[in-house]
1. Once you have all Cα-Cα distances for the range 45-86, histogram them in 10 Å bins from zero and send the whole-percent values.
2. For Arg19 paired with Ala80, estimate the spin-label separation in nm (one decimal), with each label point 7 Å from Cα along the Cα-to-Cβ line.
3. Could you tally the net charge around Arg156, taking each other residue with its Cβ under 13 Å from the Cβ of Arg156, Lys/Arg +1 and Asp/Glu -1?
4. Roughly how tilted is helix 102-112, in degrees to the nearest 10 and between 0 and 90, from the longest Cα axis of the chain?
5. Counting only other residues whose beta carbon sits under 10 Å from that of Gln92, what net charge do I get with K and R as +1, D and E as -1?
6. What residues qualify as long-range amide H neighbours of Gln92, i.e. H under 5 Å apart, gap of 5 or more or another chain, H built at 1.01 Å from N?
7. Would you mind checking which residues have amide H under 5 Å from Arg219's amide H? H placed 1.01 Å from N; only 5 or more apart, or other chain.
8. Compute the accessible area per residue over the range 20-68, keeping the other protein chains in place, probe 1.4 Å, unit Å².
Amino acid sequence: MALIETRDLRRVYDLDAGRVVALDGVSLDIEQGDFVAVMGPSGSGKSTFMNLVGCLDRPSGGQYRLAGTEVESLDADGLAHLRNREIGFVFQQFNLLPRIDALSNVELPMIYAGFDRKVRRECALQALGRVGLAERAHHRPMQLSGGQQQRVAIARALVNSPSLLLADEPTGALDSRTAKEILGLFQELNREGATIVLVTHDADVGRHARRLIRFRDGRVIEDHRQTPVDARDLAAEAAE
Ligand code: ADP
Ligand code: MG
């Protein structure tokens, strides 16, 4: 069983101005432990696909199974529960709460999941350690660099030990050197077993994944495995 199984997945928006077919029959399996880049031009359906895979939106047609669960069969509560348990999200703009420190930001998904304070603190500290930021636990987002803020966001995505990390343009707001560091972190997490699906329009970013899926007009037009560029090599090159 694949972690993600979509069959003829469709998403149609009915607007006054007419129908928009954002996703036009996507059938994909994504295996546990893979690192997948989803690429394609603006408007090709990447975010629509991510929102469906992330259980943030419902399809107009087709099937989606996540970790064996038929997502269509769930009500809103069931969907929220599945999302909280199975998926960690990373966004381009980090989406950290500005008034609370890094540790409290990382704890948030565990509050929603109902863990008590002591467990939350321990797990959040451990997740911050995993992204190399344990000593910044009590800094607020404003007191951190962009790359550090994204690390905090990744720690927050990891804290509930999800089966899947979903990242929509996670390096889009970072300079190229910091972007490589973040890609290196994703690769490290992937080597440790994390399943990652990363949306990007940037070919340099896409090269770090093990599998590349390209969308166009709501369909998959290309899907192949590749030997990923190792971000550690690039970091070494940049330092020379
Ligand atoms: P991408 O992320 O690849 O840029 P999107 O998935 O955001 O593409 O969009 C795919 C298509 O669906 C586009 O034509 C877009 O205009 C349309 N679309 C996306 N979201 C909505 C929405 N909420 N309402 C109407 N149309 C939408
Ligand atoms: Mg998009």
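The values are calculated or read from the model by the stated rules, or taken from the named source; none is laboratory data. Since we're looking at a predicted model, the values are computed, not measured. In this analysis, Cβ positions are derived from the backbone assuming ideal geometry, glycine residues included, and neighbour counts consider all displayed protein chains. Areas reflect the complete protein model, heavy atoms only, side chains present, ligands, DNA and RNA absent. Shrake-Rupley method; radii C 1.70, N 1.55, O 1.52, S 1.80 Å.
1. Histogramming the range 45-86 at 10 Å steps yields 30, 62, 9 percent.
2. Going by the 7 Å Cα→Cβ label model, 3.2 nm.
3. Details: positive: Arg120, Arg130, Arg151; negative: Asp101, Glu107.
Surrounding charge for Arg156 is +1.
4. Once rounded, one gets 50 degrees.
5. Net local charge, Gln92 excluded: -2.
6. It is Asp168, by chain and number.
7. Excluding prolines and chain starts, which carry no amide H, the hits are Asp24.
8. Result: 35 Å² per residue.
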